[in-house]
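The values are calculated or read from the model by the stated rules, or taken from the named source; none is laboratory data. Everything numeric in this text was worked out from a predicted model, so none of it was measured. No Cβ is skipped: glycine too gets one built from the backbone with ideal geometry, and neighbour counts run over all protein chains shown.
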Amino acid sequence: MMLRKQHNNKVALLSDSSRKEIDEWIAKYPVDKKQSAVMSALRIAQDQNGGYLNDDLIDAVAEYLEMESIAVYEVASFYSMYELKPVGKHKICVCTNISCMLCGSDEIVSYLQNKLGIGFGEITKDGKFSLKEVECLGACVNAPMMQIGEHYHEKLTPEKIDKILDSLD
Ligand code: FES
């Protein structure tokens with residue numbers, strides 16, 4: 001595991017509105033359990049930073065929640081909704097787990113990769129799209145599927161993908 005130093009005075013990297021939003025999450029938990037807001041706080045910090053987290057922001061969240069940086073880093077690196085490097089304006093998460101695989105996720109992945117000219121973990125040249133392979137997102141009955149932003153797109157076909165991508169700015 002990578003060793004990380006504890007940094008100080010990074011809280012200022014969180015914008016006022018991020019801090020306000022994190023405070024709302026902290027308020028949902030007992031006073032001595034503000035660490036429970038860590039997942040929301042990371043999501044908020046990530047949104048503030050164009051969709052990905054860096055070491056400084058992870059330190060900022062740690063400081064704000066009075067946690068060890070390494071503990072926050074472990075959360076950020078464990079869950080697939082957090083990004084530790086830049087992503088496209090639209091992050092396309094394609095499920096390749098068993099139900100989606102049985103329903104043709106391989107073809108969906110090939111189609112997306114050919115259409116966009118990128119592989120998993122890459123960003124299109126114009127910065128508009130990035131592709132990510134993810135585990136089951138709980139939409140197996142409508143496999144194959146992908147998630148873009150908050151939206152699930154299900155029962156995918158190449159035609160459907162064309163329409164979805166065309167509709168995005
Ligand atoms: S296997 Fe793809 S959503 Fe469950």
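Out of the helices (runs of 4 or more DSSP H) lying entirely within the stretch 1-105, which hold 1 or more residues that are surrounded by 15 or more Cβ atoms within 10 Å (Cβ to Cβ) and not assigned by TED's automatic domain parsing to the domain that holds residue 143?
16-26, 38-48, 55-64, 69-78
Look at residue 112 and say whether it is outside any helix (DSSP H, G or I), of a type in the set (A, V, I, L, M), surrounded by 14 or more Cβ atoms within 10 Å (Cβ to Cβ) and outside the structural domain of residue 42 (by TED's automatic domain parsing).
Spelling it out, it is not the case that residue 112 is outside any helix (DSSP H, G or I), of a type in the set (A, V, I, L, M), surrounded by 14 or more Cβ atoms within 10 Å (Cβ to Cβ) and outside the structural domain of residue 42 (by TED's automatic domain parsing).
I'd like the residue in the stretch 146-164 that is within 16 Å of the ligand (Cβ to nearest atom) and part of a helix (DSSP H, G or I) and, out of all such residues, is surrounded by the fewest Cβ atoms within 10 Å (Cβ to Cβ).
160
So which residues in the stretch 127-145 are within 18 Å of residue 79 (Cα to Cα), more than 9 Å from the ligand (Cβ to nearest atom) and either not charged (D, E, K, R) or not in a strand (DSSP E or B) (or both)?
Across the stretch 127-145, the qualifying residues are 130, 131.
Go through the residues of the stretch 97-112 one by one and say whether even a single one is modelled with pLDDT of 95 or more, out of contact with any Gly (no Cβ under 7 Å at 6 or more places or on another chain) and under 25 Å from residue 48 (Cβ atoms).
Let us first name the residues in the stretch 97-112 that are modelled with pLDDT of 95 or more, namely 97-112.
So of that shortlist, the ones also out of contact with any Gly (no Cβ under 7 Å at 6 or more places or on another chain) come out as 97-112.
Filter once more, keeping what is under 25 Å from residue 48 (Cβ atoms): none.
Scanning the stretch 97-112, I find no residue that is modelled with pLDDT of 95 or more, out of contact with any Gly (no Cβ under 7 Å at 6 or more places or on another chain) and under 25 Å from residue 48 (Cβ atoms), so the answer is no.
Return the residues of the stretch 126-143 that are within 19 Å of residue 164 (Cα to Cα) and more than 18 Å from the chain's Cα centre (by Cα); say none if nothing qualifies.
126, 142, 143
Name every residue in the stretch 28-55 that is in contact with a helix residue (DSSP H, G or I) (Cβ under 7 Å, 6 or more places away or on another chain) and either basic (Lys, Arg) or farther than 26 Å from residue 150 by Cβ (or both), in order of residue number. Show your work before the answer.
From the stretch 28-55, those in contact with a helix residue (DSSP H, G or I) (Cβ under 7 Å, 6 or more places away or on another chain) are 29, 34, 37-42, 44-45, 48-49, 52-53; that's our starting set.
Passing the criteria: only 34.
When residue 120 is evaluated against the numbered criteria (1) touching a strand residue (DSSP E or B) at 6+ places or on another chain (Cβ under 6 Å); (2) buried (at least 18 other Cβ atoms within 10 Å of the Cβ), which criterion, by number, is the only one it fails?
So residue 120 meets the others, but not (2).
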